[in-house]
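The values are calculated or read from the model by the stated rules, or taken from the named source; none is laboratory data. Worth saying up front: this structure is predicted, and the values here are computed from it rather than measured. Note: ideal-geometry Cβ built from the backbone for every residue, glycine included; neighbour counts use all protein chains shown.
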Number of protein chains: 2
Amino acid sequence: MTDLARHKVLLDESEMPTQWYNLVADLPSPPPAVLHPGTGRPAGPEDFLPLFPMSLIEQEVSTERYIEIPGEVLDVYRQWRPSPMYRAHRWERALGTPARIYYKYEGVSPAGSHKPNTAVAQAYYNAKAGVRRLTTETGAGQWGTSLAFAAALFGLECEVWQVGASYDQKPYRRMMIETFGATVHRSPSNLTESGRRLRATDPEHPGSLGIAISEAVEVAAADPHTRYALGSVLNHVLLHQTIIGQEALAQMAKFGDTPDVIVGCTGGGSNFAGLAFPFLREKLAGRIDPTIRAVEPTSCPSLTQGVYAYDFGDEAGLTPLMKMHTLGHGFIPDPIHAGGLRYHGMSPLISHVYEQSMIEALALGQTECFRAGVQFARTEGIVPAPESAHAIAAAAREAEAARATGQETVILIALSGHGHFDLSAYDDYLSGRMVDEVTSDERFAASLVDLPTVAG
Amino acid sequence: MTDLARHKVLLDESEMPTQWYNLVADLPSPPPAVLHPGTGRPAGPEDFLPLFPMSLIEQEVSTERYIEIPGEVLDVYRQWRPSPMYRAHRWERALGTPARIYYKYEGVSPAGSHKPNTAVAQAYYNAKAGVRRLTTETGAGQWGTSLAFAAALFGLECEVWQVGASYDQKPYRRMMIETFGATVHRSPSNLTESGRRLRATDPEHPGSLGIAISEAVEVAAADPHTRYALGSVLNHVLLHQTIIGQEALAQMAKFGDTPDVIVGCTGGGSNFAGLAFPFLREKLAGRIDPTIRAVEPTSCPSLTQGVYAYDFGDEAGLTPLMKMHTLGHGFIPDPIHAGGLRYHGMSPLISHVYEQSMIEALALGQTECFRAGVQFARTEGIVPAPESAHAIAAAAREAEAARATGQETVILIALSGHGHFDLSAYDDYLSGRMVDEVTSDERFAASLVDLPTVAG
């Protein structure tokens with residue numbers, strides 16, 4: 001068996017990376033500062049203290065290239081890490097492509113996605129700082145599940161505001177979060193000012209990630225023993241995910257192959273960054289030269305249709321201002337099945353490297369993604385999460401281009417998770433009920449008029 | 001890090017066993033013959049040909065110690081095998097036990113359980129024999145999912161009769177089977193004589209595994225291009241599962257430990273046999289001496305409450321007669337959440353070794369199992385299938401006994417699958433709605449009066 005004939009490369013737990021990688025250290029220019037919403041001036045650590053412990057704030061602004069992973073966090077990671085990397089032999093055959101397709105699979109984690117990589121770290125640092133309770137939002141439910149699990153391990157209470165539409169459609173996710181011991185609230189809820197304001201207009205309001213964030217932030221800021229945890233977007237969250245890409249570099253080397261194209265789906269951006277940033281480090285150093293492509297849904301295309309501007313991270317405008325690709329903090333995307341991609345903004349760090357042309361972006365409709373997801377399931381045996389199916393569909397496009405040209409393109413996919421809780425979406429697709437939502441240019445434009453004005 | 005401090009042992013795909021192990025070769029006496037239901041005489045291969053290809057019939061009656069796994073089957077196994085073995089460090093701490101607990105986890109497979117180990121083999125042999133369509137039954141849905149996946153890989157059509165109660169309560173399983181490309185029928189259905197007979201008395205009949213088997217067998221026997229596939233009970237099915245225990249022996253050796261107690265849940269018995277039989281080989285050879293314990297639900301306790309007698313494998317009496325522990329082929333267990341354990345009989349081979357006192361048996365109520373399952377989830381990060389939770393609860397009893405005596409008991413659990421499609425059961429448990437069904441001795445006795453009479 002040659003290495004290229006292998007089906008997978010598993011690393012031993014002794015080969016697991018012991019540091020996170022901070023891309024900021026290797027960028028020619030740093031990303032723009034985060035601003036205080038009241039003063040319009042760069043926010044200091046004290047502005048974040050009501051929400052995060054100092055250790056995480058330090059990581060958020062760090063320019064160190066590597067940050068040690070605490071032993072207690074490594075100890076939990078060893079439950080499922082290093083995660084496997086697979087060669088998609090059977091899917092390649094079904095596609096009839098000369099391309100070689102690899103996927104780094106995060107679905108083996110307790111929550112079934114990449115999210116526990118940061119949830120465990122955040123729960124650890126909060127517990128160490130004496131915090132008693134964590135609040136957070138969740139859309140598709142992966143993040144809420146992850147934080148519930150991590151909070152249980154470190155003895156923290158955990159309250160999750162779940163986007164109303166997901167709460168109604170995906171009861172199994174709520175049940176899984178509760179099985180791990182956390183409390184789930186349908187968002188918008190009656191428990192917060194932000195929630196009550198929206199419920200006054202519509203008691204059945206379907207919610208959004210931006211709204212759920214407002215609620216969780218509001219509750220955390222009001223209690224000195226409570227802090228907030230975010231599942232994507234911020235630098236420290238992306239940092240914690242870089243263990244994925246570091247493992248993937250070692251696994252590609254064991255396969256004896258080098259990626260020409262790397263694809264990952266982007267909602268807030270943490271799964272994409274987790275795989276891509278360590279490869280971007282190698283690219284910036286001139287050692288490899290892959291195309292790195294973020295894949296977003298056409299219904300929420302912050303990179304390809306949004307503007308690069310300062311905006312709030314939440315609907316109510318409670319967070320500091322971040323310069324990022326945004327569709328406007330009031331934008332509520334159509335209810336596609338990839339709930340984890342329905343966020344108005346994009347990680348400031350990813351927005352920054354996108355502006356610098358270090359990465360590309362592509363927007364795809366959901367039916368194309370589910371078509372690719374079903375073919376992937378029937379050949380590789382993994383039903384992908386709808387979010388991950390966006391990356392699979394982008395890979396399928398590359399594989400088809402390779403078939404046309406005869407080129408042996410090497411494709412690496414960030415397969416962020418499984419779709420065990422998204423089967424009603426597959427049911428919709430298979431029964432022909434799924435449509436591609438078409439968002440008008442007017443609607444995209446309308447939500448941008450509320451962008452906050454920033455002095456200077 | 002000493003070996004005992006490890007969290008898991010992953011084997012490389014090059015270390016995967018290439019043979020299945022046949023326990024029959026090492027037994028002091030063979031299990032009793034299968035009988036033709038009409039003549040009452042030992043059934044010959046020709047009696048099985050309407051249902052199975054000759055290659056599987058040969059495996060069913062083989063006395064060879066090892067049977068080569070075909071390369072095409074190994075090729076598919078490599079997708080998820082060797083499966084991981086974990087040390088349950090965090091759960092041990094939560095239990096406060098000096099016991100060392102290991103679990104061999106089959107939930108990493110495409111279906112989320114051990115079932116694909118035999119589904120892939122059966123689909124391969126059927127495809128090779130020119131069969132075009134497979135029929136089968138499914139209860140909890142693991143087996144239907146597994147056969148759907150395997151059939152897709154080898155280009156076979158697949159039709160699944162799903163126990164009505166499961167079909168109604170677990171729509172996600174139906175959707176997953178369809179995502180893999182198979183067709184699902186609610187059982188009892190209008191498509192068969194067996195189904196129509198029961199629907200005449202109750203159009204909403206909740207069904208049972210025995211009924212679903214009758215339907216799938218009836219359809220297969222009526223069409224020369226269709227064969228039937230069974231997910232447990234039979235010798236060749238147990239044979240295919242023995243890859244689990246062979247891997248586990250290698251993994252325990254890498255941990256540097258030897259099990260004192262091995263526990264696995266039993267419905268038809270294939271998951272239990274898969275882990276236990278290779279260890280039983282070592283026990284029979286005098287190299288180790290573990291207690292090997294089958295764990296069944298109190299609502300369907302074929303080993304601890306059933307009789308050892310010839311009975312049919314299905315409700316309608318279409319199958320050959322097998323000598324096994326049985327509650328009677330007409331027994332319909334209370335609707336507990338562990339659908340995979342609701343089968344009236346026990347594998348003849350397991351019944352035989354139980355009769356010979358090579359293994360023990362224990363029946364547990366479901367609330368005890370879910371209590372253990374929740375604690376396991378919150379510490380180990382895996383929400384176990386309700387079936388697997390029976391093994392976990394039995395392990396918890398051993399761990400508590402070890403705490404009382406101070407003994408460092410080494411426990412090995414067959415963790416047959418995850419509970420991602422069983423979260424409504426956890427919801428019932430957490431909200432206090434779950435009860436332990438109590439089946440009266442009269443009800444057990446009543447279903448035994450219909451046991452077939454066997455001459456001699």
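At least 2 residues that are at pLDDT 95 or above in each: list the helices (runs of 4 or more DSSP H) lying fully within region A:1-119 that qualify.
Numbers: elements: A:45-48, A:54-61, A:71-77, A:89-95.
Counting at least 2 such residues, we get A:54-61, A:71-77, A:89-95.
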Exercise for the section: Pairs only if they're at least six apart or on different chains, beta carbon under 8 angstrom, first in region B:427-450 and closer than 16 Å to B:LEU303 by Cα, second of a type in the set (Asp, Glu); list them, first residue then second. Expected result: B:THR439/B:ASP334
Practice task
Output yes when any residue across region B:81-102 is surrounded by 24 or more Cβ atoms within 10 Å (Cβ to Cβ), more than 10 Å from every other protein chain (Cβ to nearest Cβ) and either free of Cβ contacts under 8 Å to residues at least 60 places away in the same chain or within 29 Å of B:VAL163 (Cα to Cα) (or both), and no when none is.
Solution key: no
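Determine, yes or no, whether A:PHE277 is in contact with a Ser or Thr (Cβ under 9 Å, 6 or more places away or on another chain) and within 25 Å of A:ALA220 (Cα to Cα). Give the derivation first.
Working: in contact with a Ser or Thr (Cβ under 9 Å, 6 or more places away or on another chain): yes; within 25 Å of A:ALA220 (Cα to Cα): no.
Considered against the rule, which asks whether it is in contact with a Ser or Thr (Cβ under 9 Å, 6 or more places away or on another chain) and within 25 Å of A:ALA220 (Cα to Cα), A:PHE277 comes out as no.
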Exercise for the section: Output the number of residues of region A:195-218 satisfying the condition of being surrounded by fewer than 23 Cβ atoms within 10 Å (Cβ to Cβ) and within 23 Å of the chain's Cα centre (by Cα). Expected result: 2
Practice task
Would you be able to say whether some residue in region B:132-149 is surrounded by fewer than 23 Cβ atoms within 10 Å (Cβ to Cβ) and over 22 Å from B:GLU315 (Cβ atoms)?
Solution key: yes
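Among the residues of region A:427-456, count how many are among the acidic types (Asp, Glu) and buried (at least 17 other Cβ atoms within 10 Å of the Cβ).
Just the residues of region A:427-456 that are among the acidic types (Asp, Glu), to begin with: A:427-428, A:436-437, A:441-442, A:450.
Among the residues that remain, those that are also buried (at least 17 other Cβ atoms within 10 Å of the Cβ) are: A:427-428.
Count: 2.
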Exercise for the section: Kindly list the number of the only condition in (1) without any contact (Cβ under 8 Å) to a residue 40 or more places away in the chain; (2) out of contact with any helix residue (DSSP H, G or I) (no Cβ under 8 Å at 6 or more places or on another chain); (3) over 19 Å from A:MET85 (Cβ atoms) that fails for A:ALA43. Expected result: (1)
Problem - Among (1) more than 24 Å from the chain's Cα centre (by Cα); (2) touching a residue at least 60 places away in the same chain (Cβ under 8 Å); (3) within 14 Å of chain A (Cβ to nearest Cβ); (4) within 26 Å of B:TYR228 (Cα to Cα), the one test that B:GLY71 misses - result: (2)
Handout entry: Search result, residues across region A:120-156 that are of a type in the set (D, E, K, R) and either closer than 16 Å to A:VAL76 by Cα or part of a helix (DSSP H, G or I) (or both)
Key = A:LYS128
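Would you check which residues across region A:427-444 are assigned to a loop (DSSP other than H, G, I, E, B), in contact with a helix residue (DSSP H, G or I) (Cβ under 7 Å, 6 or more places away or on another chain) and within 14 Å of chain B (Cβ to nearest Cβ) and list them? Walk me through how you get there before you give the answer.
To start, the set of residues in region A:427-444 that are assigned to a loop (DSSP other than H, G, I, E, B) comprises A:431-440.
Checking the rest, the ones that are also in contact with a helix residue (DSSP H, G or I) (Cβ under 7 Å, 6 or more places away or on another chain) come to A:434, A:436.
Matches in region A:427-444: A:MET434 only.
With respect to B:ALA414, determine if the residue is in a helix (DSSP H, G or I) and crowded, with 23+ Cβ neighbours inside 10 Å.
Working: in a helix (DSSP H, G or I): no; crowded, with 23+ Cβ neighbours inside 10 Å: yes.
Answer is no for this residue.
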Practice task
Kindly list the number of the only condition in (1) buried (at least 20 other Cβ atoms within 10 Å of the Cβ); (2) free of Cβ contacts under 8 Å to residues at least 12 places away in the same chain that fails for B:PRO171.
Solution key: (1)
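Does A:PHE312 fit the bill of being crowded, with 24+ Cβ neighbours inside 10 Å and in contact with a His (Cβ under 7 Å, 6 or more places away or on another chain)?
yes
Identify, from the list B:SER447, B:SER424, the residue that is touching a Phe, Trp or Tyr at 6+ places or on another chain (Cβ under 7 Å), polar (S, T, N, Q) and in a helix (DSSP H, G or I). Walk me through how you get there before you give the answer.
Numbers: B:SER424 fails: touching a Phe, Trp or Tyr at 6+ places or on another chain (Cβ under 7 Å).
Exactly one residue qualifies, and that residue is B:SER447.
Hey, can you tell me all the residues within region B:402-426 that are away from chain A (no Cβ under 14 Å), farther than 25 Å from B:PHE331 by Cβ and among the aliphatic types (A, V, I, L, M)?
At the first step, the residues of region B:402-426 found to be away from chain A (no Cβ under 14 Å) are B:402-414, B:416.
If we keep only those that are farther than 25 Å from B:PHE331 by Cβ too, we end up with B:402-413.
Across region B:402-426, the qualifying residues are B:ALA402, B:ALA404, B:VAL410, B:ILE411, B:LEU412, B:ILE413.
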Fill in the blank from the handout: Going through region A:138-190 in order, the residues found to be in contact with a Pro (Cβ under 7 Å, 6 or more places away or on another chain), closer than 24 Å to A:ALA221 by Cβ and at pLDDT 95 or above are A:SER146, A:ALA150
Problem - Single unsatisfied condition, A:ALA363 versus (1) surrounded by 23 or more Cβ atoms within 10 Å (Cβ to Cβ); (2) away from chain B (no Cβ under 14 Å); (3) of a type in the set (Gly, Ala, Ser) - result: (1)
Problem - Enumeration of residues in region B:377-396 that are in a helix (DSSP H, G or I), under 22 Å from the mean Cα position of the chain (by Cα) and of a type outside the set (A, V, I, L, M) - result: B:PRO386, B:GLU387, B:SER388, B:HIS390
Exercise for the section: Give region B:221-236 a look and list any residue that's of a type in the set (A, V, I, L, M) and surrounded by fewer than 24 Cβ atoms within 10 Å (Cβ to Cβ), or say none. Expected result: B:ALA221, B:ALA222
Exercise for the section: Would you check if B:THR192 is buried (at least 20 other Cβ atoms within 10 Å of the Cβ), polar (S, T, N, Q) and out of contact with any Ser or Thr (no Cβ under 8 Å at 6 or more places or on another chain)? Expected result: no
Exercise for the section: Take A:ILE177 and decide whether it is closer than 25 Å to A:ILE243 by Cβ, of a type in the set (Val, Ile, Thr) and out of contact with any Phe, Trp or Tyr (no Cβ under 6 Å at 6 or more places or on another chain). Expected result: yes
Handout entry: Qualifying residue in region B:370-386 (condition: at pLDDT below 95, surrounded by fewer than 24 Cβ atoms within 10 Å (Cβ to Cβ), facing chain A (nearest Cβ under 9 Å) and closer than 28 Å to B:ARG174 by Cβ)
Key = no
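Assess whether A:LEU51 counts as being touching a helix residue (DSSP H, G or I) at 6+ places or on another chain (Cβ under 7 Å) and under 30 Å from A:ARG93 (Cα atoms).
On the way: touching a helix residue (DSSP H, G or I) at 6+ places or on another chain (Cβ under 7 Å): yes; under 30 Å from A:ARG93 (Cα atoms): no.
No.
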Handout entry: Pairs where the first residue, in region B:4-19, is more than 7 Å from chain A (Cβ to nearest Cβ) and more than 23 Å from B:ILE382 (Cβ to Cβ) and the second is in a helix (DSSP H, G or I) and of a type in the set (A, V, I, L, M, F, W, C), C-beta under 6 Å, 6+ apart
Key = B:PRO17/B:ILE243
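Being away from chain B (no Cβ under 14 Å), touching a residue at least 60 places away in the same chain (Cβ under 8 Å) and either closer than 23 Å to A:ALA127 by Cβ or crowded, with 19+ Cβ neighbours inside 10 Å (or both) narrows it down to one residue among A:PRO37, A:PRO50; which is it? Talk me through it step by step, then tell me what you get.
Numbers: A:PRO37 fails: either closer than 23 Å to A:ALA127 by Cβ or crowded, with 19+ Cβ neighbours inside 10 Å (or both).
Of A:PRO37, A:PRO50, the one residue that is away from chain B (no Cβ under 14 Å), touching a residue at least 60 places away in the same chain (Cβ under 8 Å) and either closer than 23 Å to A:ALA127 by Cβ or crowded, with 19+ Cβ neighbours inside 10 Å (or both) is A:PRO50.
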Fill in the blank from the handout: Of those in region B:103-126 that are buried (at least 24 other Cβ atoms within 10 Å of the Cβ) and within 9 Å of another protein chain (Cβ to nearest Cβ), the residue nearest to the chain's Cα centre (by Cα) is B:PRO116
